[in-house]
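Working notes for the structure below.
The values are calculated or read from the model by the stated rules, or taken from the named source; none is laboratory data. Owing to the predicted nature of the structure, the values given are computational and were not obtained by experimental measurement. Cβ: placed from backbone, ideal geometry, glycine included. Neighbour counts: every protein chain shown.
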């Protein structure tokens, strides 16, 4: 999934680090633009984590329904939520198809990282 996005072997250890490790960095500019400039995300992302955690079936279609429902319930623009989720999960502004990325990362990792979003606001 990430192979087509990387051109150098070292990209796996740098750009792809978040897919294999909990120890990855987020560029401060990306963090500010996609997370800190929207302080509501401190509450919204853990709420999304709770909804994702309650899913019995963790697939792209159920994730899409859940994410759309959260955006509708909270009146969030898709770009704000999706960009924040991608940054929190991978530290990267772009990458593999969004829903596929979530599925591959797994429910446990997605929920854990979304719940820990408060760490980025301190």
Response to the item:
Reported set for segment 7-57 where residues are under 23 Å from residue 106 (Cα atoms), exposed (fewer than 14 other Cβ atoms within 10 Å of the Cβ) and modelled with pLDDT under 85 is 13, 14, 20, 21, 22, 23, 25
Practice prompt. Name every residue in segment 89-103 that is touching a residue at least 60 places away in the same chain (Cβ under 8 Å), assigned to a helix (DSSP H, G or I) and surrounded by 14 or more Cβ atoms within 10 Å (Cβ to Cβ), in order of residue number.
Written response: 89, 90, 101
Practice prompt. May I ask you to list the residues in segment 105-119 that are in a helix (DSSP H, G or I) and either exposed (fewer than 13 other Cβ atoms within 10 Å of the Cβ) or in contact with a strand residue (DSSP E or B) (Cβ under 6 Å, 6 or more places away or on another chain) (or both)?
Written response: 108, 118, 119
Discussion item. For segment 66-84, give me the residue count where each residue is under 16 Å from residue 39 (Cβ atoms), out of contact with any helix residue (DSSP H, G or I) (no Cβ under 6 Å at 6 or more places or on another chain) and buried (at least 16 other Cβ atoms within 10 Å of the Cβ).
Written reply: 2
Worksheet item: What are the pairs, 6+ residues apart or on separate chains, where a residue within segment 54-68 that is touching a residue at least 24 places away in the same chain (Cβ under 8 Å) has its Cβ under 7 Å from a residue that is part of a helix (DSSP H, G or I) and loosely packed, with under 12 Cβ neighbours inside 10 Å?
Response: none
Discussion item. Based on this model, can you work out whether residue 79 counts as over 9 Å from the mean Cα position of the chain (by Cα), more than 18 Å from residue 115 (Cα to Cα) and not in a helix (DSSP H, G or I)?
Written reply: no
